[in-house]
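The values are calculated or read from the model by the stated rules, or taken from the named source; none is laboratory data. From a predicted model like this one, the values you see are computed outputs, not experimental measurements. These area figures cover heavy atoms from the full protein model, side chains too; ligands, DNA and RNA do not enter into them. Shrake-Rupley method; radii C 1.70, N 1.55, O 1.52, S 1.80 Å.
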Amino acid sequence: MDSEEFFSALREALMDSRRRFYRNLVYIEKTDYLEDLRRVLSLFNETQGGARRAYAFHPWATGSKERLSAVKDLLGQVDDIDYSSSEYYLGRTYDLVVLDLVDNFQPNYVGRLTDLTSGGGLVVMYTDNLTQNKIFRNSIARKGVVHEHYEQRFRRKLNEHEGIFRIGPGYEARPFKGEVKPTTEKKRLKSMYFPKELHDLCLTDEQDKVLEEFRILYRGGKRILVITAPRGRGKSAVTGLGIAAFIADSDRERTRVVITAPSLASASQIMEFAKKGLDALQVPNEAEMSDIGIVRAIRGDNFSVVYVSPETAVGEDGTFLVVDEAAAIGINLLAQYVNRWRKVVFVSTVYGYEGSGKAFLRYLKNILEEKKAWTRWLTMSKPLRYAEGDPVEKWLYDALLLNPEPAKPKSLESVEFVTLDKETLFHDDVQLSQAYGILVSAHYRNNPDDLMIMGDGPHHILKAIRAEDGFISVSQISEEGNLSDSMIDLALKGGTFDGDLIPDRLLKHVRIKEFGKLSGWRIVRIATVPELQDKGFGSQLLQMILEDAKLQGVDWVGSSFMGDPKVLRFWIRNGFTPVHVSPKRNEKFGDFPVVVIYPISDMSKRIVGIASHVFKEKLLNTIHDVYFNMTPDMAMLLLQGSKAHLDVGLSKVHLAKLVAFLQGTSPYESSADAIHVLVMKYFWDGKRDWKLDDDLEKVLLAKVLQGMPWSYLNVVIGKGRTNSTEAIHEAVSILAKRYYNLDEEGEIAVSLQDLGDEFTTR
């Protein structure tokens, strides 16, 4: 096709998309891109002329501002978006979105910004070359080597879908010929509880119905509302309207709504529509703006709507809590929200850029079932920004693999352990969707970048248990270690570098330089097809990986992950030792990143033994300080996973205090010092072949070692003051008997002649 035929087809497609409310995409990949780019923009101005325009780039990269200047006359009034701050624009909609891919090609940004384009609009991507001198791609390289499996597939997907117009080296047009369905034609609800003014702000039937469901928050007891949808379905907007409806209809003395999300920008749509709803109902209100112009609070005479960080939300008080983009927040935090709050609204994107919907929903369902919380589940499917059946959405989901589908093998009679060839895998859509789908199904914090790292990273390898007709379990592994002296020195001095996560952490926190020279496999992800989970296949794959590592002379196998108790149990059960926990809790996920290792070589066994001792010492000695907000469940498992041992002795005064506590003569506060030493003795005892009940361990950790207030124990471990006091008494009774054969019949006084020189000062 020559250029004139191409632009003629593009003109017709732009006019058709405006009539039918779908989107088109133009992709330019050639060295001399400017002339074609200008012609595309000129054609858009002639046929569409939409005023809402965005241009995304890295403004600090050499030549990037000059490229913007070269087309600025055709863009007019435009939002110039720095890729690194693009999340702040998620709630906006544009008629034209231009992506400068000259300096960087990164799937996260492509997905996020493409979806900002409205029906009838145009997405334009341009670059000199998709693989050369790209920032994100260079970060994946190992010793100067990086594959291009992802980019080859990306180009192939551009050729396979309609609504895509490619320039470079020739001209190829694939106009959209399919059918679309408008989604903004509404049928009036038969009955409405909330005011018509709010329903008039809803664009779809689904939004109308979801808005009415906010009535459940009036009911007594614990009530949970879960709203999920792919991006662009209006879930955040209707949540904001629901907040306004609740405030306007509330007879309570005062209403306080707390909103949390991974960032204030993530919650911007909810805030914006809460204000729109209040204004529509003529409820006097005042918005408090952030430094970057986003609403961070709305206040009125008898109400407030405020944003707080995910971690802060646990301890807040209010009428109800709204959690936006919940799949991007740690499961531990979500569980604490359910413990702490009686009314919670969870709102989350599925099949998008913040996490995997199916995995997230499974995790959340388990939490709510465990807490026996009454829950209403709502799903929204109709897009608002464009018509249903939009070709660019179909391309985006396919190209970025946003909804991979794992399939359960029909027969398990013949299975094999395999190392996958990535080039073959990335050319086979069915196999790739199955393998990646398994990984995504078990790890809900996924984003489009992960697939590119997996495909292009030469140090990333894939191993699996495969049946004749599909995968059972899959693991993604990153080769780490074998560091140069200069890199070891850099890590010891606090410097950072891409990759080699586990060597970096151990060098910084254990300080043994020889570990950097060892070779290791970091298991990035390991998962089993959902229908076959909890049947031992994951552990079987892990053992096969360990055997393979031994044969290949690898020194250690490890993993690093956000501290989820279920995940940690899996690693400990398979013989892995915790050697590090980040001293900082991830505020977004609410978890402490954990490192576990299975040592193979003699040197790694010695270093891991030392690292385990250093780690256990730090955790026990600083759990009241550095790790004061770690969940007792996590602390318990981490300590159970360490076999490091240290003898801790109690003085005779301590023993007398313990007896007095057991008799009831001395309250907890008076005997707390003796109880503390006894508890330290228990957790440092790596030689014992017995243990306390998990609930008793958690109470000891929370109260005795972390120093949590009695009132907070109920939030963290679900026990009130009376039960917690009884649990500590029971635990002390068991430990005193085990270690010192003491009970409430013992002596509560000490004779001076029984004491040696342990209390003598010199």
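Values for this structure:
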item	result
Pairs beyond 29 Å (Cα-Cα), from K618/K657; K657/K691; K157/K365; K196/K372	K157/K365; K196/K372
Rounded to whole Hz, the Karplus (6.51, -1.76, 1.60) HN-Hα couplings of the range 341-346, x for glycine and proline	9, 7, 10, 9, 10, 9
Computed log₁₀ I(q)/I(0) - Debye formula, equal Cα scatterers, no solvent, the range 484-571, q 0.15 Å⁻¹	-0.68
Set of aspartates and glutamates near K190 by C-alpha distance (under 19 Å), chain-local residues within fewer than 8 positions excluded	D200, D205, E206, D208, E212, E213
Normalised contact order of the chain, rounded percent, pairs of Cα under 8 Å and 6 or more residues apart	10
Residue-by-residue Karplus 3J(HN,Hα) for the range 265-281, coefficients 6.51, -1.76, 1.60, Hz, glycine and proline x	4, 4, 8, 4, 5, 4, 4, 4, 7, 5, 5, 4, x, 5, 5, 5, 8
Percentage, to the nearest whole number, of Cα pairs in the range 316-416 over 20 Å apart	52
Per-residue HN-Hα couplings for the range 18-27 [Karplus 6.51, -1.76, 1.60; θ = phi - 60°; Hz; x = Gly/Pro]	5, 5, 9, 6, 10, 10, 10, 10, 10, 10
Fraction of the pair-distance distribution of the range 190-303 above 24 Å, Cα-Cα pairs, percent	22
Calculated [θ] (222 nm, deg cm²/dmol) that DSSP helices of n ≥ 4 give over the chain, each run adding -39,500 (n - 2.57)	-12000 deg cm²/dmol
Which of R166, R256 is most accessible, then next, and so on - probe 1.4 Å	R256, R166
Accessible surface of the range 599-742, 1.4 Å probe, proportion on carbon and sulfur as whole %	51
Antiparallel bridge percentage (DSSP; both residues within the chain; nearest 5)	50
L742, L101, ranked by accessible area, largest first (probe 1.4 Å)	L742, L101
Separation between Cα centres of the range 38-62 and the range 298-354, rounded to whole Å	37
Cα pair distances of the range 84-221 binned at 5 Å [whole percent]	2, 7, 12, 14, 14, 12, 10, 8, 7, 6, 5, 2, 1, 0
Sequence-separation-based contact order of the range 169-251, relative, with Cα cut under 8 Å and 6+ spacing, percent	27
Listed residue pairs exceeding 24 Å between alpha carbons, taken from K382/K408; K566/K643; K186/K276; K143/K508	K382/K408
The range 368-520 pair-distance distribution - Cα-Cα, 10 Å bins, rounded %	9, 26, 24, 24, 13, 3
Base-10 log of normalised Debye intensity for the range 1-99 (one unit scatterer per alpha-carbon) at q = 0.15, 0.22 Å⁻¹	-0.66, -1.31
Radius of gyration and Dmax over the Cα atoms of the range 17-165, both given in Å	15.0, 51
Rule-of-thumb Rg ratio for the chain [Cα; 2.2 N^0.38 Å; N residues]	1.07
Apportionment of accessible area to carbon and sulfur, the range 536-597, percent (1.4 Å)	53
Per residue solvent-accessible surface (Å²) - the range 350-480, probe of 1.4 Å	38
Out-of-range pairs (alpha-carbon distance over 32 Å; input K652/K698; K275/K698; K343/K681; K177/K422)	K275/K698; K343/K681; K177/K422
Share of carbon and sulfur in the accessible heavy-atom surface of the range 15-145 [1.4 Å probe, %]	46
Heavy-atom surface of the range 199-259, accessible at 1.4 Å and reported per residue (Å²)	31
Å² of accessible area per residue within the range 1-157, as computed with a 1.4 Å probe and no ligands counted	40
Nonlocal amide H pairs with Y55, under 5 Å, H built at 1.01 Å	D79, D80, I81, V98
Share of Cα-Cα pairs in the range 635-676 lying beyond 12 Å, as whole percent	64
